[in-house]
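A quick write-up on the structure given underneath.
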Amino acid sequence: MSMKHTFKAQVNWTINKGESTSNPRTFSRNHKVTIANKVSDLSVSAAKTFRGDDTLYNPEDLLLSALASCHMMSYLYVCAQHNIEVLSYTDDAEGDLEVLASGSGSFKIVRLKPVVTIKNETQKELAQSLHSKANQLCFIANSCNFPILHEAIIQVE
């Protein structure tokens, strides 16, 4: 049995006074993303490379953070299923975007680099192996068409 869930986001952009979209080099990419019932809107722009505001989130940041966050939640779930007590989880994820001369492009690879601290030394090997199971469960990973590597480190405290 499958279940369908619908997620919605509203994107709002308006041209700034004195700007025009007739020249792609001159207008602001800054916009708001609103998701119903969330505490605040997201201020989003293009990446600095693409004439955006470097101080704001960009779609590439959001894709990478969604993937890393989803993997973490899937990992914590499978650890709980195996009675592994996780004390902390940090991930310094990286993704490589390739842009073609035509202006199109895509992510080619993402490297998740979680450092996971667990309580029990005897579960270290199992904790390492569960990153694969978490990847299989991760909704965002299952929606991606590029390789996702897991360079996990398991520590014991």
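Students often get this wrong, so check it: of Lys32/Lys113; Lys8/Lys133; Lys17/Lys48; Lys32/Lys108, which have C-alpha atoms separated by over 23 Å?
From Lys32/Lys113; Lys8/Lys133; Lys17/Lys48; Lys32/Lys108, over 23 Å: Lys32/Lys113; Lys8/Lys133; Lys32/Lys108.
Accessible area of segment 35-157 with a 1.4 Å probe: how many percent of it is carbon plus sulfur?
52
Assuming R0 = 25 Å, what is the FRET efficiency of Asp53 and Ser102, from their Cβ-Cβ distance, to the nearest 0.05?
Calculated value: 0.50.
When the expected Rg is taken as 2.2 N^0.38 Å, what fraction or multiple of it is the alpha-carbon Rg of segment 89-157?
1.36
Just to be sure I understand: of the beta bridges DSSP finds with both ends in the chain, what percent are antiparallel, rounded to 5?
Of those bridges, close to 70 percent are antiparallel.
Which value, in Å² rounded to 10, gives the accessible area of Ser143 with a 1.4 Å probe and all protein chains present?
Answer for Ser143: close to 100 Å² accessible.
Report the accessible area of Asp61, computed with a 1.4 Å probe over the heavy atoms of all protein chains in place, in Å² rounded to the nearest 10.
So the heavy atoms of Asp61 present about 70 Å² to solvent.
Suppose accessible area is computed on protein heavy atoms with a 1.4 Å probe; arrange His150, His5, His131, His82 from highest to lowest.
His5, His82, His150, His131
Can you give the accessible area per residue of segment 1-67, in Å², using a 1.4 Å probe?
I get 82 Å² per residue for this part.
Expressed as a whole percent, how much of the Cα-Cα distance distribution for segment 37-108 exceeds 20 Å?
Looking at segment 37-108, the distances longer than 20 Å represent 49 percent of pairs.
Under a 1.4 angstrom probe, counting protein chains only, how are Glu85, Glu60 ranked by accessible area, largest first?
From most exposed to least exposed: Glu85, Glu60.
Taking the Cβ of Leu149 as the centre, find all other residues whose Cβ is under 14 Å away and add up their charges (Lys, Arg: +1; Asp, Glu: -1).
Cβ neighbours under 14 Å give a net charge of -2.
Would you tally the net charge around Leu64, using a Cβ to Cβ cut-off of less than 14 Å, leaving Leu64 out, and scoring K and R as +1, D and E as -1?
-3
Just add up the charged neighbours of Val33: K/R +1, D/E -1, any other residue whose Cβ is under 13 Å from the Cβ of Val33.
+2
Seen from all sides and averaged, what is the projected area of the convex hull of the Cα atoms in the chain, in nm²?
Seen from a random direction, the Cα hull of the chain projects 12.5 nm² on average.
Compute the FRET efficiency between Leu149 and Glu125 as 1/(1 + (r/R0)^6), taking r as their Cβ-Cβ distance and R0 = 22 Å, and round to the nearest 0.05.
E between Leu149 and Glu125, to the nearest 0.05, is 0.70.
The values are calculated or read from the model by the stated rules, or taken from the named source; none is laboratory data. Every value quoted in this text rests on a predicted model; they were computed, and no experiment measured them. Glycine gets a Cβ as well: all are built from the backbone with ideal geometry, and neighbour counts include every protein chain shown. Accessible surface areas use protein heavy atoms only, side chains included; no ligands, DNA or RNA. Shrake-Rupley method; radii C 1.70, N 1.55, O 1.52, S 1.80 Å.
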